[in-house]
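The values are calculated or read from the model by the stated rules, or taken from the named source; none is laboratory data. Values in this document were obtained by computation on a predicted structure and should not be read as measured data. Every residue, glycine as well, gets a Cβ built from its backbone with ideal geometry; the counts of neighbours run over all protein chains shown. Please note that ligands, DNA and RNA were not included when accessible areas were found on the heavy atoms of the full protein model with its side chains. Shrake-Rupley method; radii C 1.70, N 1.55, O 1.52, S 1.80 Å.
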Amino acid sequence: MKKRLAHLSLLAFAPLLALPSCKSSSDTGSGGPATPAPPPAICKPHADLPQTAYFQEVTAAVGVTDVIGIRISSADLDGDGLPDLVFHGTGQARDDLTKGTLLRRVFMNKGGTFVDTTKESGLLDSRDGAGTGRLGHMAVFADVDNDGDIDLYEGVYSDGTAVAAAKTDRSEIFLNDGHGHFTMAPRSGPSARMLPFAAASFADMDRDGAIDLFATTWYSGNEGAGNYLYKGDGTGAFIDLSKSSGLLRPATDGGVASMMSGQNRKPAYGATTCDLDNDGDPDIIVSSYGRAYNELWRNDGATFKEIGYGTTFAADDDLKYADNEFYRCYCSMTAGACDPSVPKPVISCDNTAWTPGMDDQAPRLGGNNFSSACADLDNDGDMDVIHAGIKHWHIGESADTTQILKNSLESGKLGFSRLPNGPDTLQRNHTISGWNEGDIVVGAFDFDNDGRKDIYIGSSDYPETYGSLFHQKPDGGFENVEDKSGAKHYHAVAYTSVDIDGDGDLDLVVATSGARCAGDAHCPATPTAKVYKNVVGDTRNSIRIRLHGAGLGASNAAGVGARVSVTAGGVTQVQEVSGGYGTFGVQHDTILTFGLGDACAVDKLEVKWPNAQGTVQTFDAVQANYLVDIAEDTQSTSDAPGAPGKGLTYVVPPAVTR
């Protein structure tokens, strides 16, 4: 059994020994399916969480050095079973290779140590030629051409006012050669014109086996530039179905009437896709900014219907605004406009930022949302949602805060209830009077492998904002453990949770924001990214699952959108394979990691594939503590009880000395 990291100087990880193809190990090639002998059992004894830190910072030891990118995405770019990292910066200028200024970085994982392959990656190429640098602000991943490797969409956040050298740059699809080198696909879909894309998510919207892309935008004039849906054909080409799908609303003047009806194009920072109503196809969440309503688009087949307007999904139900300092400024500067009991403002009223008849209406009393994450937090079989957004002390309690929304799905009908923040949910104590919650990113993962999902919130840009880790307790409540996590990261603007060394637990990679650091002694001199090694998760059992879809006519090759259920120790957990979500490309590995606690085997493993047929594959008695490859079987819907099942292959973990 592998031991936990004892000394950073001994940090050396071996690559996976052998990688299976999509062909099942139970296919003999002549006699039909046969049951292979199971691998040796690996069982880890129970271990309580220690009083010491759960994570150790190992940035230099694993080779991630001098990275100032503020956005992180992860995916296995070369198929070796280990996650690689892609970082993006900000700004409207291209990379400058002559000065060594690289605004995007690629790090390939070589047995747990990362190697900078940015210059060889192809991501520095533009339409003008190789190595010229280009605009690029985010990345999400999927296998868009179904050739067995992970490709990427690189989004450009620009309204066309970029520096002259970058004005030809667009959002692009990059095709992978299987080794982490990318080539731009011919222009189509999102690359047709320049838009301020702030978020994107891959999903197979029509379940035809070709991955599609949803992307949303920031302001263009007085409203957002709109929501966009691009249908893939399985080769890397995309066509624009934004209008016919109903997702792209007609442009308006951004005025009160369109806002009140909910028909305006929301300025948005986040895009998320997941199956919220358990009908087998992906729905869409748009995380809206400007205290506007979040959007929830139900997938009805060829079209989408927005069903969030006016519900607690769109915004909380606190509509009181008398504690809004901008409102108080308006009252103090406008005689007779307000009730005399409204308190005097405590801020300078140089900018009132308050328009009666607009700012006092429900569609403008929501949140400044950046990311929404889907996760089955309570193990009841449906996806709950966590909204994350920025909240300022001077705006008052009507502004939405980061919050858990419990999905109470009943007979296919969605209903969400917001869990009030308190000692058992997402409570954080403000340490300064002029506080700001700068929540940018959020996600759920089981860091201690106890079978319950925990929550990570990246909070950034303001004094006393950190990355916060919330541990889920056996009773289903959450405890804020940021102070003892070992990963209390200041100005945590982006993160990914991935198993960097293949040991069965999820580590953290966190980026730092250097914004609003003037006079802030806590800000680092250089806002570099850091890697935090999980030192508690591998004391408990887990299983890692990698899917291989059959492609066109079945499921997309990376299995994005597949729903995997794991039953062990009397508990059933559910996860979906994600093609990115949230703001500026929050992406974790497409390999799913399930914590199993004391259970040394999976009693039942079920894959609901994202295809039109609704194929379900079921496997019984699956060994824990292995990476398991599952290939889509389009001929059957389940396997015999007690057998590993056709299409399942174990990947034997390496012997690692630490």
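Here are the numbers:
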quantity: Average Cα contact separation per residue, the chain, under 8 Å, 6 or more apart, as relative contact order %; calculated: 17
quantity: The range 367-445: proportion of alpha-carbon pairs further apart than 18 angstrom, %; calculated: 45
quantity: Gyration tensor verdict on the range 137-271 (Cα atoms; rounded if a/c is under 1.5, prolate if a/b is larger than b/c, oblate otherwise); calculated: oblate
quantity: Probe 1.4 Å, protein heavy atoms only - accessible area per residue of the chain in square angstrom; calculated: 36
quantity: Calculated log₁₀ intensity ratio I(q)/I(0) where the Debye formula runs over C-alpha points of the range 127-208, q = 0.17, 0.24 Å⁻¹; calculated: -0.70, -1.27
quantity: For q = 0.29, 0.35 Å⁻¹, Debye-computed log10 I/I(0) when each Cα of the range 92-133 counts as one equal scatterer; calculated: -1.01, -1.25
quantity: Value of [θ]222 nm, deg cm²/dmol, for the chain, DSSP H segments ≥ 4, -39500 (n - 2.57) each, nearest 500; calculated: -500 deg cm²/dmol
quantity: Over 14 Å [Cα-Cα, the range 494-539], rounded percent; calculated: 55
quantity: Coordinate range along principal axes, alpha carbons of the chain, Å, largest first; calculated: 88, 59, 54
quantity: The range 31-138: proportion of alpha-carbon pairs further apart than 25 angstrom, %; calculated: 44
quantity: Spatially proximal lysines relative to Lys266 (Cα-Cα < 16 Å; intrachain offsets below 8 disregarded); calculated: Lys243, Lys305
quantity: Overall dimensions of the range 273-363 as given by Cα atoms, namely Rg and Dmax in Å; calculated: 18.6, 57
quantity: Positive-end extreme of charge dipole, the chain - chosen from Met260, Ala37, Thr161 (charges on Cβ); calculated: Thr161
quantity: Percent antiparallel among DSSP beta bridges (both partners in the chain, rounded to 5); calculated: 95
quantity: Principal axes of the range 280-435: Cα extent on each, largest first, Å; calculated: 56, 37, 22
quantity: Karplus (6.51, -1.76, 1.60) ³J(HN,Hα), θ = phi - 60°, over the range 481-497, in Hz, Gly and Pro reported as x; calculated: 10, 4, 5, 10, 6, x, 10, 7, 9, 6, 6, 6, 8, 7, 7, 9, 10
quantity: For the range 61-215, the Rg and Dmax computed from alpha carbons only, in angstrom; calculated: 14.9, 46
quantity: Normalised contact order of the range 96-188, rounded percent, pairs of Cα under 8 Å and 6 or more residues apart; calculated: 21
quantity: Convex hull volume per residue in cubic angstrom - Cα atoms of the range 535-580; calculated: 102
quantity: Carbon/sulfur fraction of accessible area - the range 426-570, other protein chains in place, 1.4 Å, %; calculated: 49
quantity: Rounded to the nearest 20 debye, dipole of the range 411-563 from Cβ charges on Lys, Arg, Asp, Glu; calculated: 480
quantity: Candidate lysines - alpha carbon under 26 Å from Lys488, same-chain residues fewer than 8 apart omitted; calculated: Lys3, Lys391, Lys453, Lys473, Lys530, Lys533
